[in-house]
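The values are calculated or read from the model by the stated rules, or taken from the named source; none is laboratory data. Everything numeric here is computed off the predicted structure, so don't read it as measured data. In this analysis, Cβ positions are derived from the backbone assuming ideal geometry, glycine residues included, and neighbour counts consider all displayed protein chains. For accessibility, only protein heavy atoms count, side chains too; no ligands or nucleic acids. Shrake-Rupley method; radii C 1.70, N 1.55, O 1.52, S 1.80 Å.
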Amino acid sequence: MSLFGPRRPLSAAEWEWQLAAFRWLLDEHGGLAAHRGRILAAPDGSCFPDSRLTGDERARELLGQVMAIAGIADWPVRLVMVDGGRAHMPVGDRHAVVHAGASAAGTFQLVEDGAGGWLAEIVAARSQLADEAALVATLGHETAHYWMTVTRRAAPGGPDCEELLTDLVAVALGFGIFLGNNARYGYHTAAEADQVGGWYLSGSQGYLSERALMTALAVSEALAGRDPLTAVPYLKPHLAADLRDAARYVAKRDIVADIMSIDLADYGSPPEQAA
């Protein structure tokens, strides 16, 4: 703690962007009342109970549970499981690609359903079936992409921030514990960093840093009217410490007022972009 109270858990720019992202999310999501109706998914068997299903069928069952938690259980979706450690979007006649990162643990795009409509196609790696919590994190992120296809206003920060925003939306939809525990970040040595132009992200599943994910979790749970620290027993120790830091800072602020004071036009998301 600093001399005058808890320290801000992120840089000023990162903190302000998260506030803008939550303002955008609340505007698109139905406000505080809708947010307070969401749950925080935990790896305790309540949201993802043990199943007799295995392999691809188990993955599809998990996706159904993820989409139910996100509130879009009835949205059309196709899950494609592929061999290999990382998911790659198959090449073919596809439309409206939203997310197809070559190094992603999962990918998402909208495809024609053959009847004049659209459905989501999510691709994930079969290797993740050995770690269902990691698979839930992947499916949570890709489901957040799907949720974002019906939003009206431009994302704060523009296309460069889309994947960061998707992680934050996944946290707000209830998957913060899973994303946090499965975000693994590392760096090259200094010599290697020079070769690639600086710091890099390695061995990771996700886009927001661990500390940023825990900050988003603290803000999301505070907005939901819950104690963020109820997540602590399910987190890795260093993540629990990050969450405690963020929760202390959030608790000292009027977080709703902070968020609602944000002018989204400052982040490239003016009201006139609404459909």
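Touching a helix residue (DSSP H, G or I) at 6+ places or on another chain (Cβ under 7 Å) and under 28 Å from Ser209 (Cβ atoms), is that true of Ala21?
Details: touching a helix residue (DSSP H, G or I) at 6+ places or on another chain (Cβ under 7 Å): yes; under 28 Å from Ser209 (Cβ atoms): yes.
In short, yes.
Do any helices (runs of 4 or more DSSP H) lying entirely in segment 209-275 carry at least 3 residues that are out of contact with any helix residue (DSSP H, G or I) (no Cβ under 8 Å at 6 or more places or on another chain), and which ones are they?
Ranges flagged: 237-251.
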Fill in the blank from the handout: Residue pairs within 6 Å by beta carbon, gap of at least six or interchain, first lying in segment 252-265 and of a type outside the set (A, V, I, L, M, F, W, C), second assigned to a helix (DSSP H, G or I) and open to solvent by less than 50 Å² (accessible area, probe 1.4 Å), listed first then second, are Asp258/Leu19
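With respect to Val232, determine if the residue is of a type in the set (Val, Ile, Thr), out of contact with any Leu (no Cβ under 7 Å at 6 or more places or on another chain) and surrounded by 15 or more Cβ atoms within 10 Å (Cβ to Cβ).
no
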Fill in the blank from the handout: Within segment 105-114, restricting to residues that are touching a strand residue (DSSP E or B) at 6+ places or on another chain (Cβ under 9 Å) and outside any strand (DSSP E or B), the one that is most open to solvent (accessible area, probe 1.4 Å) is Asp113
Exercise for the section: Those residues that are out of contact with any Gly (no Cβ under 7 Å at 6 or more places or on another chain), open to solvent by less than 30 Å² (accessible area, probe 1.4 Å) and in a loop (DSSP other than H, G, I, E, B), I need them from segment 13-69; list them, please. Expected result: Ala42, Cys47, Phe48
Handout entry: segment 239-275: number of residues that are exposed (fewer than 12 other Cβ atoms within 10 Å of the Cβ) and of a type outside the set (Asp, Glu)
Key = 5
Practice task
For Glu192, indicate whether it is assigned to a helix (DSSP H, G or I) and modelled with pLDDT of 95 or more.
Solution key: no
Problem - All positions within segment 201-235 that are more than 12 Å from the chain's Cα centre (by Cα), at pLDDT 95 or above and among the hydroxyl-bearing types (Ser, Thr, Tyr) - result: Thr215, Thr230, Tyr234
Practice task
Collect the residues in segment 115-140 that are crowded, with 22+ Cβ neighbours inside 10 Å and at positive phi, keeping them in residue-number order.
Solution key: none
Problem - Test: residue in segment 53-60 that is within 25 Å of Ala130 (Cβ to Cβ) and of a type in the set (Val, Ile, Thr) - result: yes
Practice task
Can you confirm whether segment 164-174 contains a residue that is in a strand (DSSP E or B), touching a strand residue (DSSP E or B) at 6+ places or on another chain (Cβ under 9 Å), among the β-branched types (Val, Ile, Thr) and modelled with pLDDT of 90 or more?
Solution key: no
Practice task
Could you please tell me which pairs satisfy a Cβ distance under 6 Å, a separation of 6+ or placement on different chains, a first residue in segment 56-71 that is touching a residue at least 40 places away in the same chain (Cβ under 8 Å), and a second residue that is in a helix (DSSP H, G or I) and small (Gly, Ala, Ser)?
Solution key: Val66/Gly140; Ile69/Gly174
Practice task
Inspect all residues belonging to segment 141-158 and state whether any of them is under 21 Å from Phe48 (Cβ atoms), surrounded by 16 or more Cβ atoms within 10 Å (Cβ to Cβ), among the polar types (S, T, N, Q) and modelled with pLDDT of 55 or more.
Solution key: yes
Problem - Pair list, Cβ < 9 Å and 6+ apart or interchain, from segment 145-159 residues that are in contact (Cβ under 8 Å) with a residue 60 or more places away in the chain and over 15 Å from Gly268 (Cβ atoms) to residues that are among the aromatic types (Phe, Trp, Tyr) and open to solvent by 30 Å² or more (accessible area, probe 1.4 Å) - result: Tyr146/Trp75; Trp147/Trp75
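Within segment 1-12, which residues are open to solvent by 30 Å² or more (accessible area, probe 1.4 Å) and not in a loop (DSSP other than H, G, I, E, B)?
Correct list: Ser2, Ala12.
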Practice task
Confirm whether Gly198 is touching an Asp or Glu at 6+ places or on another chain (Cβ under 8 Å), at pLDDT below 90, open to solvent by 10 Å² or more (accessible area, probe 1.4 Å) and on the phi > 0 side of the Ramachandran plot.
Solution key: no
